[in-house]
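Inspection log for the structure reproduced underneath, given as structure tokens.
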Amino acid sequence: MYIKPWIALLICTGLCLLSINNGWSQEPEEPVVGHAYYGNMTIPNNNSDVGGGDYNFNIVGADVQKAFGGEHVTYGVETGAYIGKDSSVRQFYASSGGTVAVSVEVNSLMVDYFLGGYIGFEPTNWFRLTVGAGPLVIWGSWETDPEESASEDINPESNSGFGGGLYARTGLDILFTENFGINAGARVTQTSLSLKDTAGDVDIEGWQYYLGVAFRF
């Protein structure tokens, strides 16, 4: 069920890296920097009929940054994508001559694409600190698979939707060689998804944290 988006992310990221690097190959003094990372984000559960607390998503992502100018203080454009997945068993509350809770397996998937600008601080060849911001678009799906219940009849449901919003993020690169290093970062988003048939309106706000690797081309 969740394999195709992960494969699509890897293919799109590879094509993006190749196209950007080849397209700007005449400017070797302004290298392209790419990242691949793993992290976590928490999305608040605003539906009072669904128990189990907030949604905790494991995320993977990749991005590229292209500098347009500057030496120790650089500026440029960045683009990338995130995929987040959460699977958990939650309690759905319904009224049927009294309040009952039905255990339901919930599978959630979210994919977002962002494009914005960034400013970097690079005092040395092995240290980079960047901040970026811009718009993003997001797609999400939400599927439920209820357990057997004699007291309440809840059918499996699925829904998906799109949303748009803004992001801001910061990242730190420590490079061990000319072309390879580690990356750590955090991102905050302000957007929402409308999943009215299942989860309702989902606000995707708050911080996301991640660790990964950095590549310089």
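The values are calculated or read from the model by the stated rules, or taken from the named source; none is laboratory data. Keep in mind the model is a prediction, meaning the values are calculated, not measured. Here Cβ is always computed from backbone atoms with ideal geometry, including for glycine, and neighbour counts include all displayed protein chains.
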### Query
Can you name the number of the only condition in (1) of a type outside the set (S, T, N, Q); (2) over 22 Å from THR191 (Cβ atoms); (3) at pLDDT 90 or above that GLY14 fails?
(3)
### Query
Can PHE217 be described as at pLDDT 90 or above and over 16 Å from the mean Cα position of the chain (by Cα)?
no
### Selected residue (only one of ALA62, ALA67 is within 16 Å of GLU122 (Cα to Cα), buried (at least 20 other Cβ atoms within 10 Å of the Cβ), in contact with a Ser or Thr (Cβ under 6 Å, 6 or more places away or on another chain) and modelled with pLDDT of 85 or more)
ALA67
### Message
Being of a type outside the set (Asp, Glu), at pLDDT 80 or above, assigned to a strand (DSSP E or B) and farther than 14 Å from ASP112 by Cβ is the requirement here; does THR144 meet it?
### Response
no
